[in-house]
Amino acid sequence: MNFTKANGKRRVVVTGGGMLTALGDTWSEAYKTLRSGKNCIRYMQDWDRFEKMNTRLACPYTGELPKYPRKKVRGMGRVALLALTATEHAFEDAGLKNEDGSLLEELHNGRTGIAYGSCMGSMDSMVDMFSMVLTNDSSKIDSQTYIKCMPQTCAANISVFYSLRGRIITTNTACTSGSQAIGYAYEAIENGIQDIMVAGGAEELVPPDAAAFDAMGATAYDNAHPQEEPKPFDAKRDGLVIGEGAGTLILEDMEHAYKRGAKIYAEVAGFGTNCDGTHITSPNSETMAQALRLAIEDAGIAPEKIAYVNAHGTSTAAGDVAESIATYSVFKRSVPISTTKSYIGHTLGACGCVEAWLTINMMREGWFHPNLNLTQVDPQCAPLGYITGSGLDLPGAEYVMSNNFAFGGVNTSLVFRRV
């Protein structure tokens with residue numbers, strides 16, 4: 001077995017994963033939901049109190065979070081607790097725990113790090129912080145308030161909870177938080193800086209997130225028909241739906257994984273990231289395409305090798321068109337493509353990792369989910385292989401890609417290889 005690439009860098013593999021979304025907490029649960037052909041979008045009745053907000057649609061995570069010892073999680077708001085629980089699942093899946101539930105001693109030697117992100121910290125603690133300015137009263141602020149709302153709350157809290165002493169990378173880059181975390185974790189391992197990395201992203205569902213996109217005219221508003229929203233790439237799409245969740249991958253040096261007899265889900269074959277440098281919110285198809293090319297070049301393959309693309313696919317007017325044009329300019333063919341957001345909406349900081357984990361498992365399954373609610377492709381979108389119906393069987397897929405694009409003009413692309 002060759003444990004290094006042609007350029008001498010170490011090969012990196014995925015040895016575990018965990019997620020919390022409306023699809024379920026395990027791949028088997030998610031697979032069943034994806035196969036059902038029904039999305040998980042809900043009408044949020046408690047949002048009716050908000051005036052001047054058009055959308056009432058969202059996709060919350062409704063599972064019950066574990067009861068952790070209070071002393072260990074007192075600095076965690078909901079977003080950090082979602083991240084922690086997904087990470088618990090990932091460590092268990094990777095076989096990195098002792099029988100008593102503690103981590104293997106090796107993970108505390110400084111060679112295991114963390115890369116994690118979210119759009120922001122917990123909203124409740126932010127409200128408590130800001131209340132001081134409005135009321136001239138600081139009594140709602142305690143020693144943990146800032147810890148819960150700081151941007152790096154997920155990464156910092158997970159590192160302390162598990163006593164991880166390696167490199168810490170915080171990727172608070174909105175919709176690319178989870179995918180950048182995977183990419184930077186991959187680079188830390190391939191360059192020999194770390195042996196294992198915890199990588200992922202999380203986001204809690206709060207009404208102001210929906211309101212922010214609503215103010216931009218970017219949210220779906222067919223509130224009476226949640227099952228028909230969102231409509232990625234469709235000519236009649238009317239915007240995105242906000243979701244909630246968390247995803248964590250365990251990345252590992254391939255040689256290290258083989259030596260300990262770990263289960264290997266896939267190899268992280270390539271990563272590309274860049275920024276548009278043109279506009280904070282308007283996508284740039286040229287730089288988006290370049291991010292995809294960087295990932296393919298890093299993988300050392302031709303574009304023809306990619307069997308499937310998991311699209312960012314937010315269902316926004318400009319985003320879907322720009323992404324499809326960028327994708328077609330790279331592949332110059334009707335590459336099979338679908339977006340998980342048609343099932344669970346846009347999970348923001350979590351989407352990059354959740355979608356990557358699902359893409360890996362679909363590759364292993366040999367089946368790729370369709371785009372829900374896609375009945376007529378927008379003629380402005382490029383001629384790609386938009387998957388519809390009951391999905392697409394591709395049992396021989398060797399390379400797959402997962403792409404994400406964020407406000408600020410941040411672009412990411414990940415290539416995974418079957419092992």
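The values are calculated or read from the model by the stated rules, or taken from the named source; none is laboratory data. Source: prediction; values computed, not measured. Counting neighbours? That spans all protein chains shown, and the Cβs are built from the backbone with ideal geometry, glycine included. We work out accessible area using only protein heavy atoms, side chains counted, and drop any ligands, DNA or RNA first. Shrake-Rupley method; radii C 1.70, N 1.55, O 1.52, S 1.80 Å.
Observations, loosely collected:
- Taking the protein heavy atoms of region 26-147 in the context of the full set of protein chains, the accessible area attributed to carbon and sulfur is 50 percent at 1.4 Å.
- ³J(HN,Hα) computed for each position of region 79-95 - Karplus, 6.51 cos²θ - 1.76 cosθ + 1.60, integer Hz, glycine/proline x: 4, 5, 5, 4, 4, 4, 5, 4, 5, 4, 4, 5, 4, 5, 4, 7, x
- Long-range tail of P(r) for region 79-201 (Cα pairs > 24 Å, %): 32
- Semi-axis lengths, Å, the chain, gyration tensor of Cα atoms, sqrt of 5 times eigenvalues: 29, 29, 19
- Separation of the residue 393 and residue 236 label points, Cα + 7 Å toward Cβ, nm: 3.1
- Of the solvent-accessible surface of region 182-298, computed with a 1.4 Å probe over protein heavy atoms with every protein chain present, carbon and sulfur atoms account for 52 percent.
- MRE, 222 nm, helices only [DSSP H, n ≥ 4, -39500 (n - 2.57), over the chain, to nearest 500]: -9500 deg cm²/dmol
- Bridge orientation summary for the chain: considering DSSP beta bridges with both residues in this region, about 65 percent are antiparallel.
- ³J(HN,Hα) computed for each position of region 156-162 - Karplus, 6.51 cos²θ - 1.76 cosθ + 1.60, integer Hz, glycine/proline x: 5, 5, 5, 4, 6, 4, 9
- Ordered by 1.4 Å accessible area with all protein chains kept, 377, 241 run largest first as 377, 241.
- A cut-off of 5 Å between modelled amide H atoms, ignoring neighbours fewer than 5 places along the same chain, links residue 168 with 114.
- Estimated distance in nm for a label pair at residue 47 and residue 317, the labels positioned 7 Å out from Cα along Cα-to-Cβ: 2.0
- A DSSP coil position with no more than 15 other Cβ atoms inside 10 Å describes the following trypsin sites (Lys or Arg not before Pro) in region 119-172: 140, 165.
- Probe 1.4 Å, accessible area per residue of the chain, Å²: 39
- Per residue, the convex hull spanned by the alpha carbons of region 1-155 comes to 230 Å³.
- Of the residues 3, 379, 77, the one whose Cα sits farthest toward the positive end of the charge dipole of the chain, with +1 on the Cβ of Lys and Arg and -1 on the Cβ of Asp and Glu, is 3.
- The base-10 log of I(q)/I(0) for region 169-246, evaluated at q = 0.11, 0.13 Å⁻¹, reads -0.44, -0.56 [Debye formula, identical scatterers on Cα atoms, solvent excluded].
- Portion, in percent, of the accessible area of region 348-419 that falls on carbon or sulfur, probe 1.4 Å: 48
- Taking the inverse of the mean reciprocal distance over all distinct Cα pairs, the Kirkwood hydrodynamic radius of region 261-321 comes to 13.6 Å.
- Globularity index of region 305-347 is 1.16 (Cα radius of gyration / 2.2 N^0.38 Å, N = number of residues).
- Cα-based reach from residue 72 at 27 Å (exclusive), listing lysines while leaving out same-chain residues under 8 positions away: 97, 140, 148
- Shape analysis of region 53-110 yields a ratio of the Cα radius of gyration to the Kirkwood radius, Rg/Rh, of 1.11.
- Across the chain, C-alpha contacts under 8 Å between residues 6 or more apart give a mean separation that, scaled by the residue count, equals a relative contact order of 23 percent.
- Charge dipole (debye, nearest 20) of region 27-142; +1 at Cβ of Lys and Arg, -1 at Cβ of Asp and Glu: 380
- Amide H within-cut-off set for residue 240, under 5 Å, with H built and near neighbours excluded: 219, 220
- The heavy atoms of residue 216 present about 110 square angstrom of accessible area, all protein chains included, probe 1.4 Å.
- Mean Cα-pair separation over length for region 176-220, i.e. relative contact order, pairs under 8 Å, 6 or more apart, %: 35
- Binning the C-alpha pair distances of region 247-375 at 10 Å intervals from 0 yields a P(r) profile of 11, 38, 38, 11, 2 %, listed from the shortest bin outward.
- Distance between the modelled labels on residue 215 and residue 7, one decimal in nanometres: 4.1 nm (7 Å Cα→Cβ projection).
- Sequence of 50, 213 from largest to smallest accessible area, 1.4 Å probe: 50, 213
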